[in-house]
Amino acid sequence: MELGINTFGDAVFDPQTGKTISHAERLQELVREIETADRAGLDVFSIGEHHRNDYAVSAPDVVLAAGAAVSKNIRLSSGVTVLSSDDPVRVYERFSTLDGISGGRAEIMAGRGSFIESFPLFGYNLNDYDTLFNEKLDLLLTLQKGGKINWSGTHRAALENAEIFPKPVQDEIPIWIASGGTPQSAKRAGELGLPLVLAIIGGSPFQFARIADFYRQIGEAAGHDKSKLKVATNSHGFIWDTDDEARDLFFPAISSSMSKLGRERGWGQYTREAFDNMCDPEGALYVGSPETVARKIIALYEHMGVERFTLQTPVGTMPHEQVLKTIELFGEKVAPLVREGVEKIKAERNK
């Protein structure tokens, strides 16, 4: 089971320091986080794409390339690339470049995006939300196969005997489909035989087992190799020495960030009671000591059989030394416990 970090590069008001971090400072911190995650033995680091003031990253591939220079083994992924408002040719060129710089560690996580600011920014109509993604994903998958490309669609110029450079180190750059858990996204990924990432930020993670099973059923019915129908999940979290300390340190940042989003989207205020409930064993937050977080990830594997789990941290702005310690604890304390637990489950099932 692969374990990693996901981040949006939050650059918002820090309730602990009373300051708002600059984009430049947050970008520099992200490079240190990649280096720390690699040194701690984690498997993947993914960075989301946004085009708004409260997130520092609009070009994940550039930050990942900087991280590639200070890391050796960790896989480097977008989390996500908003494919609907981008040009698949440029996406593939940029990630092929990252693949070369990193020695074959690049991945693309493609999604439609839960934020819509990129559509007017790049001149796209939200009425084309679904058709844009479907068509651009088709082109990206065509590019993934390599060779000379012949392709035509309705939202960009056709390609005739086009060849894309630079060539990646990997035979094919892995492409994951990111989803908020809708059956439509799971069906699309299954039919295409692409690995699926589920963003789980509320409710119980176990409720998503039905989506994962549905995805696998669709993929097998479409004739895809069962071993390639991988499921990953991404959830908010924070790791510290004890459960109480972890909750007390993480709550101010996540509350400030989620309450701000709530005002934009019509959600209720993010309360401590709701937060504590989501930190419980069946909640969506992975917050606590290394042992507590490891138990929750093992339970997730037992219920869903996921091949990858990424911890999204921080949510909001936190002192950077706290973020680095969380990453270190995840790689050095949580990961060995999770891998041991997963192997025990596999051994029991194979008896």
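The values are calculated or read from the model by the stated rules, or taken from the named source; none is laboratory data. Predicted, not measured: the structure shown is a model, and the values here were computed from it. With ideal geometry, Cβ positions are generated from the backbone for all residues, glycine too; neighbour counts draw on all protein chains shown. Ligands, DNA and RNA are excluded from the accessible area calculation, which covers all protein heavy atoms including side chains. Shrake-Rupley method; radii C 1.70, N 1.55, O 1.52, S 1.80 Å.
Bridgeable lysines around Lys325 (alpha carbons under 18 Å apart, same-chain partners fewer than 8 residues away excluded): Lys333.
For the chain, the pair-distance distribution built from all alpha carbon pairs, in bins 20 Å wide starting at 0, is 30, 61, 9 percent.
Output the pairs from Lys228/Lys260; Lys167/Lys230; Lys72/Lys344 with a Cα-Cα distance over 31 Å in this structure; if there are none, say none. Let's see the in-between values first.
Numbers: Lys228/Lys260 38 Å; Lys167/Lys230 25 Å; Lys72/Lys344 29 Å.
Too far apart for the 31 Å limit: Lys228/Lys260.
Using Cα atoms only, what is the angle between the long axis of helix 243-265 and the major principal axis of the chain, expressed in degrees (0 to 90) to the nearest 10? In the chain, helix 243-265 runs at an angle near 50 degrees to the longest axis.
Accessible area per residue, 1.4 Å probe, Å², for segment 12-76: what's the number?
Working: 2750 Å² over 65 residues.
It amounts to 42 Å² per residue over segment 12-76.
Apolar share of the accessible surface for segment 140-194: 51 percent from carbon plus sulfur atoms, 1.4 Å probe. Just the protein heavy atoms count here, and of the accessible area of segment 240-316 at 1.4 Å, carbon and sulfur take up 49 percent. Label zone (Leu121, point 7 Å along Cα-to-C-beta; backbone nitrogen cut-off 14 Å) within segment 4-20: 8-11. For the chain, the relative contact order works out to 19 percent when only alpha carbon pairs closer than 8 Å and six or more residues apart are counted.
Go through Ile327, Val342, Ala11 and say which Cα lies farthest out towards the positive end of the charge dipole of the chain; charges sit on Cβ, +1 for Lys and Arg, -1 for Asp and Glu. Of Ile327, Val342, Ala11, it is Val342. Excluding ligands, DNA and RNA, the accessible surface per residue across segment 236-348 is 41 Å² with a 1.4 Å probe.
Along the Cα-to-C-beta direction of Thr17, a point sits 7 Å from the Cα; which residues of segment 41-73 have their amide N less than 18 Å from that point? Taking a point 7 Å out along Cα→Cβ of Thr17, the residues of segment 41-73 whose backbone N falls under 18 Å are 54-57.
Solvent-accessible area of Phe214, all protein chains in place: 70 Å² (probe radius 1.4 Å, heavy atoms, ligands and nucleic acids excluded).
Mean sequence separation of contacting Cα pairs (under 8 Å, at least six apart), scaled by the length of segment 173-309, corresponds to a relative contact order of 27 percent.
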